[in-house]
Amino acid sequence: MRASRGKIGFTVLGWSVALVIFFPIFWMALTAFKTEVEAVATPPSLWFTPTLENFEEVFERSDYLKFAWNSIAVSFGSTLLALVFAVPAAYAMAFFPSKRTPDTLLWMLSTKMMPPVGVLVPMYLLFKNLGLLDTVTGLTIIYTLINLPIVVWMLYTYFKDVPYEILEAGRVDGATPLQQLFLLLIPLALPGIASTGLLALILAWNEAFWSLNLTSSQGAPLTAFIASYSAPQGLFWAKLSAASLMAIAPILVVGWMSQRQLVQGLTFGAVK
Amino acid sequence: MMRIVPLSAALAAALSLAGTAAHAATTVTIATVNNGEMIVMQKLSKQFEEKHPDIKLNWVVLEENVLRQRVTTDIATGSGQFDVMTIGTYEVPIWAKQGWLLPLDNLPADYDLDDVLKPVRDGLSYEGKLYALPFYGESSMTFYRKDLFKKAGLKMPERPTYDDIAKFAAAITDKGAGVYGICLRGKPGWGENMAFLSTLINTYGGRWFDEKWNPEIDSPQWKQAIGFYVELMTKYGPPGASSNGFNENLALFASGKCGMWIDATVAAGMLFNPKESQVADKVGFAQAPVAVTPKGAHWLWSWALAIPKSSKVPEAAQQFVTWATSKPYIELVGTSEGWTSVPPGTRKSTYQNPKYREAAPFAPSVLQAIETADPTSPSAKPVPYTGVQYVGIPEFQAIGTQVGQAIAGALTGQMPVDQALKSAQAVATRTMRQAGYLK
Amino acid sequence: MAALAKATLAIRTAFQSARKTGREVDTRPLLWPSVIVLFLWMIVPLAMTLYFSVIRYNLLNPALTGFAGLENYAFLFEDPALWTALWNTLVLVGSVLIITVVLGTLFAVLYNQDFFGRSIARLLVIAPFFVMPTVSALIWKNMMMHPVNGFIAWLQSSVGLQPTDWFAHYPMLSVIIIVAWQWVPFAFLILLTSIQSLDSEQKEAARIDGAGPLAMFFYIILPHLRRAISVVIMIETIFLLTIFAEIYVTTSGGPGLATTNLAYLIYSVGLLQFDAGYASAGGVIAVILANIVAFFLVRTVSRNLQHT
């Protein structure tokens, strides 16, 4: 009896938190189905006749699929690339730390400290000279580099959570470090890797400074798509809401699908 | 899982279509702002592509501030990402001076350059040559609620004074009922609150800089104008005024919260449209108010299409810009989208067109405002710069925004007006000195 | 799996010391790719920025060239707004860090419990992180916090309160709320994943020993989370130091200088007038500031890193 009362209590609390946090997004989603005039009306209307005109207009006006494809390519590409670089590095630092490890970690993170605003012009010129302006490749490279420090840090943290004994046991069984990495560590740390990947994906997906400045038409991702709906002269909140829904849709799908990985905790109890 | 299959099929289809389209001859990349007129142009540009099958148009649509930063970075580094840029009367003379733009002097005879309104034409020229073709022009005017005025027994003169405005605001404000007598821009920005405030200062007899480029922000005229503004907004303005820009005020007026609003003429069409405005049948129009002098009381702005020198396809680009700003294009918009969607403020012929006048009864007021705006002489005193609501120097974006921030601080009561203007003066002087205008 | 477990138990003590050295395996090659790539990525922009910061380079005024020495820096330091901007940066970063870590930890503990519809609720809590910062800021500004049209204003007026003009009277607090709302999901996700790696054996043992929920929290859960919290703090700090979009969309750094942080100051002076020299000098200052902040954080973090 005590357990279920606790469970109900947690349900109420958990859902209250979720609803409060989610509310602004819910409101935005609602606005996507209102007309522009309704969107700014007071008192705010919860009951209204929904319309799809905003979505129609957005589809007609912008090449959504092109932007979405660019976003997907850039985000997934940079995340995968970052993981490829980061997993070995984090493995080395987590299980074979040297004196220099904390410094290396810190130094990696310090590469992120430059505010993009300050380095825009040099980077723009660099990209122009390398012919990477307005390309998916160029943007992927930048995002890999931007996210690499964070991915390394997070993987390092999750790897540290894995008891060394298991890998040691594998080593005793004759596994080389690489085999330990691939056959033991990665499966055990999969939730950590998954959430790291998801976060890197989202960071790349929403990055709005480099994507707007280094691309124009061919390589432009969904952030540029959104930038064409925000703050024109005139009422725009309904259309922006619709466009934003369309921009989050792919990533929400990915997030939902990766829930399963995130849910599986490391349960060493099961090892028994 | 199920969603991936149709999505990838759609993606594959889209990619293959894109692939075939890319085989067309010349691609013209157009960077433009996401205003209504431009959206319409993007829609109708398919007709241009049909008439010119060897030209493919590539649209990059962004909001104003992002666009400005993007195209300026592009043109200043000669990157050639864009073939057509949408810029305004602020950028054109500065960029033309740098030699970044192609002069547009060999226009076809039927383009009828004389039909383009003179102030707009002059605003887009440098040393006598035209560097951009306008597709949109605006000035500022006063919007008011005819019903509220009638109830209070007031009559709005054709050209009110700011004292009139204060009296009217006092009479029609009813904060309890959510009606605020006057809504004005307050969001900091050189193109936001400072656009309006520059006209206010001009008409009070002030100016941004004297002939030697000394800033005059703490002059008595500025103090009087800004003091009036802060008092007016505190007494009769809506809450949140310091973060209200054009869009927020438009939303407020369109939902019936404002008694009066002084802002861009383009809002006339939006407020008049029952699909976008709850007060479409109640809105009245008048000229922008004046105070001590009519000079610089209403602004002039035009969005125009320019071709950077770094473009690789200038001929095709020029073909497009001539088409997009021509008389037949305006006719096309009128017949296919409706006459209220016609780009305003560019050609005399638009305003002589009976169909346009019928759909937009505010048109003559708008025309009058545009024709009487003079960026070359925006103040009662002589000035070394052009521009009514801005100063045509590259440093103005930063100066204007910082001054706007200070004034927003005065508006919220964070600091008294005098102190705000003093710190704004210090900022402007610093910047001018750093930029080499002052020794 | 069972065989591994047996082996684990058997050799646990024997190899505990070997774990500390691990020098028989040279794992440096695994690190090289990341390090080289990051090295290039850091050096090249940094070098270019340093170079730009000591020349006169205004994009809009190509005539203005030449070596400027420390002029750009001098101009930056003479700006009375600089110190306000630095202070605002620290306030913003500090406040958001505290809010997100505290709430993130509490929510992680909450969501570690099993309750009905937990996976859906979890997705809802993570949702704000999916939305683009510009859009988030616009939603909060116009649909939530606007004193006339916003939802909060409606709530307040329906109970008879005067609607708050958030951005006029509490500009910094408003920005903090918006940014914290965006970043709580990040902290939550990291902390939740870390909590789930907590050995349930330990928890079970503690419960048998009679530990109540509060004791569990402070003595078992929190120490386990220490490393994850450090990571959250480090990563968030990096991002929060250069917060720009939210300020740009809502307050434009104002009223006055109330919400101008260093990134926005660089933007409003450097980028708006395309003074690449000034912007670069600002960038260098920002890096120095970030390194100072990181140095203090590292003291605490590295203690945690060596701990386990």
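Annotations for the structure displayed:
- The set of residues in the stretch B:312-325 being touching a residue at least 60 places away in the same chain (Cβ under 8 Å) and over 19 Å from B:Q42 (Cβ atoms) consists of B:K312, B:P314.
- All of C:F218, C:F274 fail the test of being more than 20 Å from the chain's Cα centre (by Cα), more than 10 Å from chain A (Cβ to nearest Cβ) and not small (G, A, S), apart from C:F218.
- Residues in the stretch B:56-71 that are under 13 Å from B:S310 (Cβ atoms) and among the polar types (S, T, N, Q): none.
- Flag for A:T11 being facing chain C (nearest Cβ under 9 Å) and in contact with a Gly (Cβ under 9 Å, 6 or more places away or on another chain): yes
- Of the residues in the stretch A:114-129, at least one is of a type in the set (F, W, Y), buried (at least 19 other Cβ atoms within 10 Å of the Cβ), more than 20 Å from the chain's Cα centre (by Cα) and more than 9 Å from chain C (Cβ to nearest Cβ).
- Residue check, B:P354 over 27 Å from B:V61 (Cβ atoms), without any contact (Cβ under 8 Å) to a residue 24 or more places away in the chain, surrounded by fewer than 16 Cβ atoms within 10 Å (Cβ to Cβ) and under 22 Å from the mean Cα position of the chain (by Cα): no
- Just one of the listed residues (B:P134, B:P157, B:P188, B:P119) is in contact with a Lys or Arg (Cβ under 9 Å, 6 or more places away or on another chain), touching a residue at least 60 places away in the same chain (Cβ under 8 Å) and of a type outside the set (A, V, I, L, M, F, W, C), and it is B:P134.
- Restricting the stretch C:288-308 to residues that are at the interface with chain A (Cβ under 8 Å from one of its Cβ atoms), open to solvent by 20 Å² or more (accessible area, probe 1.4 Å) and under 19 Å from C:I235 (Cα atoms), the residue that is modelled with the lowest pLDDT is C:Q306.
- Among the residues making up the stretch A:93-145, those that are modelled with pLDDT of 85 or more and among the polar types (S, T, N, Q) are A:N129, A:T135, A:T137, A:T140, A:T144.
- In the stretch B:233-249, residue modelled with the lowest pLDDT [restricted to those that are in a helix (DSSP H, G or I) and touching a Phe, Trp or Tyr at 6+ places or on another chain (Cβ under 8 Å)]: B:S243
- Residue count for the stretch C:53-91 under the criterion of being in contact with a strand residue (DSSP E or B) (Cβ under 9 Å, 6 or more places away or on another chain) and farther than 25 Å from C:A290 by Cβ: the result is 9.
- Looking across C:F116, C:F130, one residue alone is over 25 Å from the mean Cα position of the chain (by Cα), aromatic (F, W, Y) and either facing another protein chain (nearest Cβ under 7 Å) or farther than 15 Å from C:I177 by Cβ (or both). It is C:F116.
- Identification of helices (runs of 4 or more DSSP H) wholly contained in the stretch A:159-272 with 2 or more residues that are at the interface with chain C (Cβ under 9 Å from one of its Cβ atoms) and modelled with pLDDT of 80 or more yields A:190-206, A:222-227, A:237-257.
- The residue of the stretch B:167-184 that is farthest from B:P157 (Cα to Cα), among those that are open to solvent by 10 Å² or more (accessible area, probe 1.4 Å) and either of a type outside the set (A, V, I, L, M, F, W, C) or part of a loop (DSSP other than H, G, I, E, B) (or both), is B:G176.
- Within the stretch B:342-359, the set of residues being of a type in the set (G, A, S) and out of contact with any Phe, Trp or Tyr (no Cβ under 7 Å at 6 or more places or on another chain) comprises B:S349 only.
Here is a yes/no grid of residues against (1) open to solvent by less than 40 Å² (accessible area, probe 1.4 Å); (2) charged (D, E, K, R); (3) more than 19 Å from B:A297 (Cβ to Cβ):
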site: B:R145; (1), (2), (3): yes, yes, yes
site: B:P188; (1), (2), (3): yes, no, yes
site: B:A195; (1), (2), (3): yes, no, no
site: B:L200; (1), (2), (3): yes, no, no
site: B:G206; (1), (2), (3): yes, no, no
site: B:D210; (1), (2), (3): yes, yes, yes
site: B:Q221; (1), (2), (3): no, no, no
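- When B:W299, B:W339 are screened for being in contact with a Phe, Trp or Tyr (Cβ under 9 Å, 6 or more places away or on another chain) and under 23 Å from B:G123 (Cα atoms), only B:W299 passes.
- Residues that are part of a strand (DSSP E or B) and more than 23 Å from B:S377 (Cβ to Cβ) were ranked within the stretch B:261-285; the one that is most open to solvent (accessible area, probe 1.4 Å) is B:F285.
- Restricting the stretch A:39-78 to residues that are aromatic (F, W, Y) and out of contact with any Asp or Glu (no Cβ under 9 Å at 6 or more places or on another chain) leaves a set whose member that is most open to solvent (accessible area, probe 1.4 Å) is A:W47.
- Leading residue by the ranking (most open to solvent (accessible area, probe 1.4 Å)) among those in the stretch C:32-88 that are polar (S, T, N, Q) and within 29 Å of A:P149 (Cα to Cα): C:N88
- Looking across the stretch A:91-100, just one residue is over 16 Å from A:P163 (Cβ atoms), open to solvent by less than 30 Å² (accessible area, probe 1.4 Å) and either in contact with a Phe, Trp or Tyr (Cβ under 8 Å, 6 or more places away or on another chain) or more than 8 Å from chain C (Cβ to nearest Cβ) (or both), and that is A:M93.
- Leading residue by the ranking (modelled with the highest pLDDT) among those in the stretch C:139-157 that are more than 11 Å from A:W237 (Cβ to Cβ) and within 7 Å of another protein chain (Cβ to nearest Cβ): C:W140
- Of the listed requirements (1) of a type outside the set (F, W, Y); (2) surrounded by fewer than 21 Cβ atoms within 10 Å (Cβ to Cβ); (3) within 30 Å of B:C183 (Cβ to Cβ), C:V135 misses just one: (2).
The values are calculated or read from the model by the stated rules, or taken from the named source; none is laboratory data. Fair warning: this is a prediction, and the values are worked out from it, not measured in the lab. In this analysis, Cβ positions are derived from the backbone assuming ideal geometry, glycine residues included, and neighbour counts consider all displayed protein chains. Just the protein is used for accessible areas: all its heavy atoms, side chains included, with ligands, DNA and RNA removed. Shrake-Rupley method; radii C 1.70, N 1.55, O 1.52, S 1.80 Å.
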